[in-house]
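Participant: This structure is in structure tokens; I'll ask about it shortly.
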Amino acid sequence: MSKISFAVVGFGHIGKKHAIMVDGNDDSQLLAIVDVDETKQAEARTLYPKVNVYASIEEMLESEPQVDIVNICTPNGYHAAQSIKALDYRKHAVIEKPMGLTRQECEEVIFKSLQVSKHVFCVKQNRYSPSSQWLKDVVKNNRLGKINMVQLSCYWNRDSRYYKAGGWKGTQSLDGGVLFTQFSHFIDIMYWLFGDIQNIIATSSNFSHKDSTEFDDSGLVQFEFVNGGFGSINYSTSVWNRNFESSIVVIGEKGTVKVSGQYMDQVAYCHIEDYEMPELPPPNPPNDYGDYKGSAANHHYVIQNVIDVLTGKSQISTNALEGMKVVEMIERIHRKQGVMQ
């Protein structure tokens, strides 16, 4: 079998992670890296001397016709447009979260993918965590019975070590807000488990970042699940010094569970009728970005799924419709908070 060829667009923290995963997989090859920053270009050439490095996605697409997949790892506001550009060149697209910053952008990506008959993969690596897989099994097999309440809590730190003057982080147009950049993976897990939401009541405030962000850093959200039961999201990036936790509490008619830890990767409580908690494999460590940390380092599963799909061995683990749904849910929350009209 010939190797699947990848190009990585954006060589920041997450783009480097993609490059490592592609380069380390026996069934894939890294053909190209794209970044507008000359320092990052030089770093890419040093780390991958056999890989072609470009300053623009257009130059790469014109010069690398043999590329099969383009991984979009740039700032959030570029994801949709750059994915469409890759699809225009008949390439499959792997899109880091979020898929876009509006439902309309996501719809345009899906429309283009259907026109050219190419796959769109959305990166939702937290679904691969042992605790997430376990909770999915519990809910899918109706172990908890009817779901009454779900509480999602996300309390992280993002301060001057993260928001740099003149950078894209903190801007409305390229970042989009903490629900997109920091917490969309956890909203995705909630959606994956319990489905869509309705009757949203939401508020937000900017406690600690008035001088560094164009959006609020904290919020409270209440809603009902379309499938029944109440839900809430409490979130903030104004936690002092370091991340506190990301957790989900599920209260059902037959039991209660809580998955917590800094990255929602540890089962903290399980009390279910006629059920014994199995021993789970340890989670992968979080992505370490130096001054701060992100979600679980599960990108190797994402890359393997891309390869398996293109070789006819599997289905897409997170497709474009699911990626769009999470964006649309966040968009509706923002609308209720008065962030957007």
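The values are calculated or read from the model by the stated rules, or taken from the named source; none is laboratory data. Keep in mind it's a predicted model, so treat the numbers as computed, not measured. Neighbour counts are summed over all protein chains in view; Cβ atoms, including those assigned to glycine, are modelled from backbone coordinates with ideal geometry.
Participant: Quick one: would you say residue 251 is surrounded by 20 or more Cβ atoms within 10 Å (Cβ to Cβ) and either under 29 Å from residue 134 (Cα atoms) or touching an Asp or Glu at 6+ places or on another chain (Cβ under 7 Å) (or both)?
Facilitator: Working: surrounded by 20 or more Cβ atoms within 10 Å (Cβ to Cβ): no; either under 29 Å from residue 134 (Cα atoms) or touching an Asp or Glu at 6+ places or on another chain (Cβ under 7 Å) (or both): yes.
For residue 251, the condition - surrounded by 20 or more Cβ atoms within 10 Å (Cβ to Cβ) and either under 29 Å from residue 134 (Cα atoms) or touching an Asp or Glu at 6+ places or on another chain (Cβ under 7 Å) (or both) - is not met.
Participant: Residue 121 - would you say it is surrounded by fewer than 23 Cβ atoms within 10 Å (Cβ to Cβ), among the aromatic types (Phe, Trp, Tyr) and at pLDDT 95 or above?
Facilitator: For residue 121, the condition - surrounded by fewer than 23 Cβ atoms within 10 Å (Cβ to Cβ), among the aromatic types (Phe, Trp, Tyr) and at pLDDT 95 or above - is not met.
Participant: Output the residues belonging to the range 258-280 that are assigned to a loop (DSSP other than H, G, I, E, B) and in contact with a strand residue (DSSP E or B) (Cβ under 8 Å, 6 or more places away or on another chain).
Facilitator: Answer for the range 258-280, where residues must be assigned to a loop (DSSP other than H, G, I, E, B) and in contact with a strand residue (DSSP E or B) (Cβ under 8 Å, 6 or more places away or on another chain): 261, 262, 263, 264, 265, 273, 275, 277, 280.
Participant: Is there any pair linking a residue in the range 213-229 that is in the same structural domain as residue 251 (by TED's automatic domain parsing) to one that is assigned to a loop (DSSP other than H, G, I, E, B) and buried (at least 20 other Cβ atoms within 10 Å of the Cβ), with Cβ under 6 Å and at least six apart or on different chains, and which?
Facilitator: 213/170; 215/177; 217/209; 217/237
Participant: Now a separate question. Mind listing whichever residues of the range 1-15 are in contact with a strand residue (DSSP E or B) (Cβ under 6 Å, 6 or more places away or on another chain) and either charged (D, E, K, R) or at pLDDT below 95 (or both)? Spell out the reasoning first.
Facilitator: Keep residues of the range 1-15 that are in contact with a strand residue (DSSP E or B) (Cβ under 6 Å, 6 or more places away or on another chain), which gives 3-9, 11, 15.
3 - this is the single residue of the range 1-15 that is in contact with a strand residue (DSSP E or B) (Cβ under 6 Å, 6 or more places away or on another chain) and either charged (D, E, K, R) or at pLDDT below 95 (or both).
Participant: Would you be able to say whether some residue in the range 39-60 is part of a loop (DSSP other than H, G, I, E, B), within 20 Å of residue 175 (Cβ to Cβ) and at pLDDT 95 or above?
Facilitator: No, the range 39-60 contains no residue that is part of a loop (DSSP other than H, G, I, E, B), within 20 Å of residue 175 (Cβ to Cβ) and at pLDDT 95 or above.
Participant: A follow-up question, please. Condition (residue is under 17 Å from the mean Cα position of the chain (by Cα) and modelled with pLDDT of 95 or more) applied to the range 291-300: is it met by at least one residue?
Facilitator: no
Participant: Kindly indicate the residue of the range 319-330 that is within 13 Å of the chain's Cα centre (by Cα) and closer than 15 Å to residue 113 by Cα and also surrounded by the most Cβ atoms within 10 Å (Cβ to Cβ) among those meeting that condition.
Facilitator: 323
Participant: Given the conditions (1) farther than 15 Å from residue 322 by Cα; (2) surrounded by 14 or more Cβ atoms within 10 Å (Cβ to Cβ); (3) at pLDDT below 95, and given that residue 183 satisfies all but one, which numbered condition is not satisfied?
Facilitator: (3)
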